[in-house]
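The block underneath contains the structure these notes are about, expressed in structure tokens.
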Amino acid sequence: MKKIPNYLALVLLALSSCFGSFSEGEIHFKNGEYEKAISEFSANLFINVTDIKSLHLRARAYEELEEYQKALSDYKRILSIDPTYAQAYAGIGKLYWKIEDYANAQKNLLIAAKHDENDFEIMYLLARAFLLNENYKSADEFFSLATKLKPKDAKSYFYQGIARSKMGIPDGAAGSFNMCLMYDPDNLAALYNRGLARMSIGYIQWAIEDFESYLKKDPEHVNSLAQLGLCKKILNDPSACRYLALAANRGSEIAKLNLEDC
């Protein structure tokens with residue numbers, strides 16, 4: 001076997017140093033050095049033009065730098081190589097999400113979900129898109145899938161509760177908010193909405209507990225004051241008027257409408 005002449009070996013070494021590597025780009029990306037990462041991935045793609053991993057992380061780096069058109073171009077290039085690559089559809093969906101085009105976000109995230117049904121973030125964002133597009137039934141279904149993938153993720157239960165409230169299913173909403181509070185006990189929005197859901201299905205005493213718990217953490221919350229007054233009024237509790245008057249003085253229209261018997 002012939003040996004490579006020394007001068008040729010030096011030339012090859014010099015040439016190889018001009019080209020990037022995925023691993024170096026990945027290190028820069030993880031360190032938040034997005035411009036260096038892009039440079040490394042671009043150099044690697046000069047030789048490995050169909051390297052999907054480099055294209056994907058370069059697109060992500062462009063996203064972090066808010067160069068969305070360049071990111072979109074890379075995602076589309078990935079799909080020209082592999083039309084089933086779920087993360088490219090998800091990436092496009094996230095780009096549309098960032099510009100608040102939720103219809104196109106939903107469209108691309110739905111395709112991503114078809115190609116990868118085990119990715120939590122895809123399922124969660126798809127459910128959020130359905131919620132924002134007022135397709136509450138589909139939102140509920142995909143939040144259920146998301147909770148199966150990450151059973152302890154509080155935010156999936158919270159938004160599922162919102163979807164169920166919009167669908168007029170207060171008992172289901174209460175259950176979702178309850179799960180949210182199990183994993184995120186400081187979520188005041190979930191606490192307040194659980195109180196509303198419990199109130200609407202006649203669990204007045206439990207609703208009172210929720211509104212009182214909220215007011216212990218935020219005594220100035222006008223809506224909780226008003227709802228607490230309404231709950232106490234339903235139970236003919238004489239303290240109801242005090243809460244309603246306090247809420248009315250702070251601008252609550254609901255409280256003002258219910259002061260006539262006080």
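The values are calculated or read from the model by the stated rules, or taken from the named source; none is laboratory data. The shown structure was predicted, so the numbers you read here are calculated from the model rather than taken from an experiment. Here the Cβ positions follow ideal geometry from the backbone for every residue, glycine too, while neighbour counts run over all protein chains shown. With ligands, DNA and RNA removed, areas are computed over all heavy atoms of the protein, side chains included. Shrake-Rupley method; radii C 1.70, N 1.55, O 1.52, S 1.80 Å.
Here the spin labels are modelled as points 7 Å beyond Cα on the Cα-Cβ line, and at Lys148 and Asp218 they lie 3.4 nm apart. A simple charge model with +1 on the Cβ of Lys and Arg, -1 on the Cβ of Asp and Glu and nothing else charged puts the dipole of the chain at about 380 debye relative to its Cα centre.
I want to verify the translational diffusion coefficient of segment 111-262 in µm²/s; compute it with Stokes-Einstein, Rh as the Kirkwood radius over Cα pairs, at 20 °C and 1.002 mPa s. All intermediate terms of the calculation are to be shown ahead of the outcome.
Values: Rh = 16.3 Å.
Stokes-Einstein gives a translational diffusion coefficient of 131 µm²/s.
Overall dimensions of segment 22-126, expressed as equivalent-ellipsoid semi-axes from the Cα gyration tensor (√(5λ), whole Å, largest first), are 23, 15, 12.
What does the charge add up to near Arg128, with Lys and Arg as +1, Asp and Glu as -1, over the other residues with Cβ less than 15 Å from its Cβ? Intermediate values should be presented prior to the final figure.
Numbers: positive: Lys94, Lys98, Lys107, Lys137, Lys150, Lys155, Arg164, Lys166; negative: Glu100, Asp101, Asp119, Glu121, Glu134, Asp140, Glu141, Asp153.
Summing Lys/Arg as +1 and Asp/Glu as -1 gives 0.
Based on protein heavy atoms only, segment 91-150 ends up with 50 Å² per residue of surface accessible to a 1.4 Å probe. Accessible surface of Asp116, taken over heavy atoms with a 1.4 Å probe and every protein chain present, rounds to 50 Å². Based on Cα contacts under 8 Å between residues 6+ apart, segment 97-203 shows a relative contact order of 18 percent.
When the convex hull of its Cα atoms is viewed from all sides, segment 191-262 shows a mean projected area of 4.1 nm².
Enter the mean projected area of the convex hull around the alpha-carbon atoms of segment 133-210, in nm², rounded to one decimal. Intermediate values should be presented prior to the final figure.
On the way: hull surface 18.4 nm².
Over every viewing direction, the Cα hull of segment 133-210 projects on average to 4.6 nm².
Taking each of Lys137/Lys216; Lys36/Lys70; Lys94/Lys152; Lys53/Lys137; Lys36/Lys114; Lys70/Lys98 in turn, the alpha-carbon distance tops 25 angstrom for Lys137/Lys216; Lys53/Lys137; Lys36/Lys114. Counting only protein heavy atoms and using a 1.4 Å probe, the accessible area of Thr84 comes to about 80 Å².
Per DSSP helix of 4 or more residues, -39500 (n - 2.57); summed, then divided by the residues of the chain. What does that give at 222 nm, rounded to the nearest 500?
Working: 16 runs with 197 residues, N = 262.
Taken over the chain, the calculation gives -23500 deg cm²/dmol.
Rolling a 1.4 Å probe over the protein heavy atoms leaves His56 with an accessible area of roughly 30 Å².
I need to check one value: relative contact order of the chain, counting alpha carbon pairs closer than 8 Å and at least 6 residues apart, in percent. Working shown, then result.
Working: 358 pairs, mean separation 18.3, N = 262.
Here the relative contact order equals 7 percent.
Find me the longest stretch of the chain that has none of the exposed trypsin sites (Lys or Arg not before Pro), where exposed means in a DSSP loop (not H, G, I, E or B) with at most 11 other Cβ atoms within 10 Å. Value returned for the longest uninterrupted segment is 4-151. In this entry, the chain is assigned a mean projected area of 19.4 nm², taken as a quarter of its C-alpha convex hull surface.
Residue order by solvent-accessible surface for Leu126, Leu57 is Leu57, Leu126, largest first, with ligands and nucleic acids left out and a 1.4 Å probe.
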